[in-house]
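K.L.:
Here it is, the structure, as structure tokens.
Throughout, read-outs are computed from the coordinates displayed, never taken from laboratory work. Everything numeric here is computed off the predicted structure, so don't read it as measured data. With ideal geometry, Cβ positions are generated from the backbone for all residues, glycine too; neighbour counts draw on all protein chains shown.
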Ligand code: HEM
């Protein structure tokens with residue numbers, strides 16, 4: 001393969017949350033060569049079937065992708081010791097250490113406290129408005145509050161924890177210097193280290209206490225907690241904002257949930273299918289042996305990126321794929337990925353999304369955007385596509 005490919009990924013022509021129209025053709029075309037802003041060229045895979053193959057087949061490796069020149073949207077290659085960056089068997093060993101906390105029953109234990117956090121955030125919002133900003137009032141702080149509860153961060157340290165994780169959000173990254181981000185990352189790492197040592201001295205409740213009790217080393221416990229914080233916060237914040245945007249810009253859809261909150265569980269799955277997250281790609285994989293896929297020969301050593309957004313709009317799998325249909329069922333979307341690395345925190349994210357939508361439709365049935373749709377500001381940068389703020393009235 002010679003010469004740099006013409007097509008640049010992520011495709012950047014999309015408006016608001018609409019996927020780039022070029023995906024329609026790309027899905028039929030099969031894998032195509034693309035270049036990302038940094039690193040090696042890659043194959044872009046867009047159809048549902050091919051995306052599932054790449055994410056579900058061990059011949060596409062995450063660990064091998066972490067070489068010096070992984071295709072990426074940021075200048076620095078990342079080599080962190082995250083669950084996501086391992087293949088089997090190390091992947092399962094690491095994931096197994098934290099998995100119990102993230103099962104549906106494990107997460108159910110956080111339901112009441114999540115409802116209380118949301119009620120508190122909405123009390124504050126309604127005391128200060130209308131209007132108010134759903135992103136800064138709810139979407140940004142909620143995942144950090146829930147995460148603090150999950151980890152067992154003590155009450156007196158929670159405010160700092162929420163502030164620190166907030167400065168690692170993609171929207172914050174775009175506004176601050178690399179030094180500021182690095183400093184926030186280091187403080188978070190140190191804070192988690194303090195928490196692990198504290199739980200060794202006086203075991204309490206939460207994931208950190210469980211890890212310590214389970215015989216995990218301090219270093220590994222910190223790395224696992226940091227993984228969960230980094231992987232979980234940003235995505236949930238973005239989707240909380242994006243889901244509200246989708247429902248409010250198609251007002252009949254918000255009204256449907258007001259009329260029937262029982263629809264929310266199903267609606268959240270459909271919004272997950274329909275709403276692109278960030279650049280909506282899973283992390284690159286590297287081919288470990290030659291594979292033929294959709295007429296293309298992917299050679300050992302090639303990199304592959306997948307377009308989850310495109311797969312989630314594939315008409316071969318979803319009827320009327322470009323319509324948001326809140327009652328859609330079944331809905332085998334790939335919004336949380338697929339296969340070995342399917343999102344560990346999916347149940348936790350779904351819980352927060354459900355609780356927020358439920359509280360909004362029951363408390364603010366007349367909720368509406370407080371600005372014209374065209375004035376909603378989208379976060380800059382290639383990593384994230386989410387509303388920077390969502391001014392609403394009620
Ligand atoms: C709406 C919110 C979320 C979305 C859309 C999302 C999406 C994803 C996707 C697409 C992947 C697969 C990446 C790949 O295969 O390359 C993933 C993996 C992962 N997610 Fe999430 N995520 C969300 C929330 C969370 C939360 C709340 C947590 C934890 C508290 C979390 C932790 C993780 C972890 C640890 C992985 C790696 C799993 C593994 O390698 O086995 N995510 N997520």
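K.L.:
Looking at the range 23-393, send over the antiparallel percent of its DSSP beta bridges, to the nearest 5.
P.N.:
DSSP beta bridges in the range 23-393 are roughly 85 percent antiparallel.
K.L.:
Starting from the Kirkwood Rh over alpha-carbon pairs, what translational D in µm² s⁻¹ does the range 234-354 have by Stokes-Einstein at 20 °C and 1.002 mPa s?
P.N.:
D = 136 µm²/s.
K.L.:
Round to the nearest 0.05 the FRET efficiency obtained for residue 217 and residue 123 when R0 = 30 Å and r is the Cβ-Cβ distance.
P.N.:
It comes out at approximately 0.10.
K.L.:
Using a Förster distance of 25 angstrom, determine the FRET efficiency expected from the C-beta separation of residue 316 and residue 346, and round it to 0.05. Walk me through the numbers on the way to the answer.
P.N.:
Numbers: r = 24 Å, r/R0 = 0.95.
For R0 = 25 Å, the calculated efficiency reads 0.60.
K.L.:
Between residue 197 and residue 158, what is the label-point separation in nm under the 7 Å Cα-to-beta-carbon projection?
P.N.:
Once both label points are built, they end up 2.5 nm from each other.
K.L.:
Still on this structure: Under a GNM of the chain (C-alpha, springs under 10 Å), which listed residue has the highest mean-square fluctuation: 224, 145, 263?
P.N.:
Per the Cα network of the chain with a 10 Å cutoff, 263 tops the list.
K.L.:
At a temperature of 10 °C and a viscosity of 1.306 mPa s, determine how fast the range 23-393 diffuses translationally according to Stokes-Einstein, using the Kirkwood radius over alpha-carbon pairs as Rh; express D in µm²/s, rounded to the nearest whole number.
P.N.:
74 µm²/s
K.L.:
Which residue, 376, 361, 291, has the most motion in a Gaussian network model of the chain that connects Cα atoms within less than 10 Å?
P.N.:
291
K.L.:
Shifting gears a bit: Mean-square fluctuation check for the chain, GNM, Cα pairs under 10 Å: which of 379, 202, 167 is largest?
P.N.:
202
K.L.:
Then there's this: For the chain, what is the mean residue ellipticity at 222 nm derived from helices alone (per DSSP H run of n ≥ 4: -39500 (n - 2.57); sum divided by total residues; nearest 500 deg cm²/dmol)?
P.N.:
Working: 15 runs with 177 residues, N = 394.
Per the formula, -14000 deg cm²/dmol.
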